[in-house]
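**Q** Dumping the structure here so I can ask a few things about it.
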Ligand SMILES: [Zn+2]
């Protein structure tokens, strides 16, 4: 196929009911699938497109999952892997809800502090970890209790293992 015939056109199967996660940072679609616990063995149709040109974020991935909603805790995790993502809920082939994922400047919970001696990792202390988002690309967090920096790879490995 020549460039002109594919230019600007994305041909991906439309889904009837399910979720489309668009504007995932290029190369992060597999992490998003892992966050959702999708292995491909569930039997529902999963469509994956990677490295598609996007006016908004340069290059993006798209994930489409049939017969699957995305729960709020999953959205919070996706925000730390794909902060520009949009989540479209599809029913009867129509978008009935569009959510733009947001990565706030500070987050509570979601991620475990990588410092084992951090007070938030002490079982007897009922303290929820809190982080300042110090960088959004690549993502980096700073624990507000022990000032440990948590890198994107650490966050992804917590979500995908
Ligand atoms: Zn900490």
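**Q** Between 99, 114, which is within 16 Å of the ligand (Cβ to nearest atom) and under 23 Å from residue 28 (Cβ atoms)?
**A** 114
**Q** Another question, then. Being exposed (fewer than 11 other Cβ atoms within 10 Å of the Cβ) and within 22 Å of residue 157 (Cα to Cα) is the requirement here; does residue 94 meet it?
**A** no
**Q** Related question: Looking at the range 61-78, can you tell me whether even one residue there is within 16 Å of the ligand (Cβ to nearest atom) and either in the same structural domain as residue 44 (by TED's automatic domain parsing) or free of Cβ contacts under 8 Å to residues at least 40 places away in the same chain (or both)?
**A** No: zero hits.
**Q** Looking at 120, 134, 86, 99, can you tell me which residue is farther than 20 Å from residue 47 by Cβ and touching a residue at least 24 places away in the same chain (Cβ under 8 Å)?
**A** Working: 134 fails: touching a residue at least 24 places away in the same chain (Cβ under 8 Å); 86 fails: farther than 20 Å from residue 47 by Cβ; 99 fails: farther than 20 Å from residue 47 by Cβ.
On inspection, the qualifying residue turns out to be 120.
**Q** A further question follows. I'd like to check something: does the range 134-141 contain any residue that is more than 25 Å from residue 39 (Cα to Cα), in contact with a helix residue (DSSP H, G or I) (Cβ under 8 Å, 6 or more places away or on another chain) and within 15 Å of the ligand (Cβ to nearest atom)?
**A** Yes, because at least one residue in the range 134-141 is more than 25 Å from residue 39 (Cα to Cα), in contact with a helix residue (DSSP H, G or I) (Cβ under 8 Å, 6 or more places away or on another chain) and within 15 Å of the ligand (Cβ to nearest atom).
**Q** Any residue in the range 67-74 that is out of contact with any helix residue (DSSP H, G or I) (no Cβ under 9 Å at 6 or more places or on another chain), modelled with pLDDT under 95 and surrounded by 16 or more Cβ atoms within 10 Å (Cβ to Cβ)?
**A** yes
**Q** So, one more: Tell me, which residue of the range 117-129 that is more than 9 Å from the ligand (Cβ to nearest atom) and within 26 Å of the chain's Cα centre (by Cα) is surrounded by the fewest Cβ atoms within 10 Å (Cβ to Cβ)?
**A** So the residue we want is 128.
**Q** In the range 142-161, which residue that is closer than 18 Å to residue 25 by Cα and in contact with a helix residue (DSSP H, G or I) (Cβ under 8 Å, 6 or more places away or on another chain) is farthest from the ligand (Cβ to nearest atom)?
**A** Step one: filter the range 142-161 for residues closer than 18 Å to residue 25 by Cα, giving 151-157, 159-160.
From what is left, the residues that are in contact with a helix residue (DSSP H, G or I) (Cβ under 8 Å, 6 or more places away or on another chain) are 156, 159-160.
Details: 156: 18, 159: 18, 160: 21 Å.
In this case the residue turns out to be 160.
**Q** Might you check whether a residue that is in contact with a helix residue (DSSP H, G or I) (Cβ under 8 Å, 6 or more places away or on another chain), crowded, with 21+ Cβ neighbours inside 10 Å and under 18 Å from residue 152 (Cα atoms) occurs anywhere in the range 21-28?
**A** Checked against the condition, which is being in contact with a helix residue (DSSP H, G or I) (Cβ under 8 Å, 6 or more places away or on another chain), crowded, with 21+ Cβ neighbours inside 10 Å and under 18 Å from residue 152 (Cα atoms), the range 21-28 yields at least one hit.
The values are calculated or read from the model by the stated rules, or taken from the named source; none is laboratory data. As the structure is a computational prediction, the values presented were derived from the model and not from experiment. Cβ atoms come from the backbone with ideal geometry, glycine included; neighbour counts cover every protein chain shown.
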